[in-house]
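See below for the structure under consideration.
The values are calculated or read from the model by the stated rules, or taken from the named source; none is laboratory data. Since the structure is predicted, the reported quantities are computational estimates derived from the model, not experimental observations. Positions of Cβ are generated from backbone atoms using ideal geometry, with glycine treated the same way; all protein chains shown enter the neighbour counts.
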Amino acid sequence: MNLVVGKSFYFDFEVAFMQWLQSALGEKGAMAVSHLSAFGEEMLLIGILGFIFWCYDKRYGTFIGINVMVGLVLNPLIKNVFWRRRPYFDHETIKCFRPVEKNADMYDIAAQGFSFPSGHSTNSVTAYSSIAVYKKNKVLNVVAFVIPLLVGFSRVAVGVHYPTDVVCGWISGLLIVLLIPLIFSKVDEKKHWVVYAAIFAISCVGLFYCKTSDYFTSLGLMGGFFVSLEFEKRFVKFENTRNPLFCITRIIGGFAIYFAVNTLLKLPFSKEFLDSGVFLAGVVRSIRYFFVSFAAIGLYPYVFRVEKILRR
């Protein structure tokens, strides 16, 4: 078992604020607020990305997806440097109302991840700001501002992040949205694969020091997504659709592929090994999510050709 302990550091005002906030909200209030965290969670963001990429506009989806993938990997890269323990680990007066991994022990740091910075805060700024920046729409600008605020507030209210975790998460998300598109704008589109390879290679630095499962999951998703973009561009070349029926079937099918491939690739391994936290289990996790991502983004759009037959 790969034992991960973490480090305790915080400002007294953060603890006092969190205690006051949970007391003011009460258990029912905190549980209600906890649902706001969903706007920064991977499944919802993947759903939004899937709709935009598979249905609405794949260039738009590519823009958002690249930023989101960088954010997903950057967050655990930073977390595994600071090793900050979550607030409820060190303060009995702070309760956890929404653990990161509901099926794991609440006090298993390898499964629940570290606290600094907040991944939900990073994800929400990265995703919703990317959506707004690409479209340059005033309503979307408001959404990109309000949703990260609500997500960050919920992460503090449910006891899994200090306020400084949230603020730094917002900052890292904003830096991604400002810098990553700028880098790609300086490179010819035909050479974007070079940038993908460079980002992925830099991200692999975490293999030398990251101990938490979120890093290995994100690295695999990023690798599969980047390869899928080039594969789709060269071989698949699917067309977007605004047909409501086709949109629904594409999204349902995409999620079915995602979960089916993920489940199938777990079968050769025991649950004990997959949950062991050892380096090899992490590598297997990355490989699994690489193929999950590639199957859903790269291969799955081949199926969309069937729609042309149905239109006849």
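If you take the residues of the stretch 300-311 that are out of contact with any Phe, Trp or Tyr (no Cβ under 7 Å at 6 or more places or on another chain) and in contact (Cβ under 8 Å) with a residue 24 or more places away in the chain, which of them is farthest from Ile257 (Cα to Cα)? First the steps, then the outcome.
So the first thing to find is which residues in the stretch 300-311 are out of contact with any Phe, Trp or Tyr (no Cβ under 7 Å at 6 or more places or on another chain), and the list is 300, 302-303, 305-306, 308-311.
Within this subset, residues satisfying the condition of being in contact (Cβ under 8 Å) with a residue 24 or more places away in the chain are 300, 302-303, 305.
Values: Tyr300: 8, Tyr302: 13, Val303: 11, Arg305: 17 Å.
Here the residue is Arg305.
Applying the condition of being polar (S, T, N, Q) and over 20 Å from the mean Cα position of the chain (by Cα) to the stretch 261-285 and asking which residue is farthest from Val205 (Cα to Cα) yields Ser270.
Report yes if Ile199 is hydrophobic (A, V, I, L, M, F, W, C) and farther than 30 Å from Leu280 by Cα, otherwise no.
Working: hydrophobic (A, V, I, L, M, F, W, C): yes; farther than 30 Å from Leu280 by Cα: no.
No; evaluated as a whole, the condition is false for this residue.
Scan the stretch 135-153 for residues that are crowded, with 19+ Cβ neighbours inside 10 Å and either out of contact with any Phe, Trp or Tyr (no Cβ under 6 Å at 6 or more places or on another chain) or of a type outside the set (A, V, I, L, M) (or both) and the total you get is 2. Assess whether Ser185 counts as being crowded, with 22+ Cβ neighbours inside 10 Å and under 16 Å from Ile66 (Cα atoms). It is false that Ser185 is crowded, with 22+ Cβ neighbours inside 10 Å and under 16 Å from Ile66 (Cα atoms).
When the stretch 72-95 is limited to residues that are of a type in the set (A, V, I, L, M, F, W, C) and in a helix (DSSP H, G or I), the one that is nearest to Arg250 (Cα to Cα) turns out to be Leu72. Number of residues in the stretch 7-44 that are aliphatic (A, V, I, L, M) and buried (at least 16 other Cβ atoms within 10 Å of the Cβ) equals 7. Within the stretch 39-48, being assigned to a helix (DSSP H, G or I) and either of a type in the set (Lys, Arg) or within 18 Å of Ser121 (Cβ to Cβ) (or both) holds for Phe39, Gly40, Glu42, Met43, Leu44, Leu45, Ile46, Ile48.
Can Lys308 be described as over 23 Å from the mean Cα position of the chain (by Cα) and under 30 Å from Val194 (Cβ atoms)?
Values: over 23 Å from the mean Cα position of the chain (by Cα): yes; under 30 Å from Val194 (Cβ atoms): no.
Considered against the rule, which asks whether it is over 23 Å from the mean Cα position of the chain (by Cα) and under 30 Å from Val194 (Cβ atoms), Lys308 comes out as no.
Annotation for the stretch 67-85: no member residue is surrounded by fewer than 17 Cβ atoms within 10 Å (Cβ to Cβ) and either free of Cβ contacts under 8 Å to residues at least 40 places away in the same chain or within 13 Å of the chain's Cα centre (by Cα) (or both).
Going through the stretch 8-48 one residue at a time, which ones are of a type in the set (D, E, K, R) and over 28 Å from Lys271 (Cα atoms)?
Scanning the stretch 8-48 gives Asp12, Glu14, Glu27, Lys28.
Per-residue answers, yes or no, for (1) modelled with pLDDT of 95 or more; (2) more than 16 Å from Ser124 (Cβ to Cβ); (3) in a loop (DSSP other than H, G, I, E, B); (4) aliphatic (A, V, I, L, M):
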{"position": "Met31", "(1), (2), (3), (4)": "no, yes, no, yes"}
{"position": "Val70", "(1), (2), (3), (4)": "yes, no, no, yes"}
{"position": "Phe97", "(1), (2), (3), (4)": "no, yes, yes, no"}
{"position": "Asn103", "(1), (2), (3), (4)": "no, yes, yes, no"}
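Pairs only if they're at least six apart or on different chains, beta carbon under 7 angstrom, first in the stretch 44-59 and without any contact (Cβ under 8 Å) to a residue 24 or more places away in the chain, second assigned to a helix (DSSP H, G or I) and basic (Lys, Arg); list them, first residue then second. Matching pairs, first to second residue: none at all.
For Phe290, are the conditions met, namely being part of a loop (DSSP other than H, G, I, E, B) and either surrounded by fewer than 16 Cβ atoms within 10 Å (Cβ to Cβ) or of a type in the set (Phe, Trp, Tyr) (or both)? Reasoning before the result, please.
Details: part of a loop (DSSP other than H, G, I, E, B): no; either surrounded by fewer than 16 Cβ atoms within 10 Å (Cβ to Cβ) or of a type in the set (Phe, Trp, Tyr) (or both): yes.
Considered against the rule, which asks whether it is part of a loop (DSSP other than H, G, I, E, B) and either surrounded by fewer than 16 Cβ atoms within 10 Å (Cβ to Cβ) or of a type in the set (Phe, Trp, Tyr) (or both), Phe290 comes out as no.
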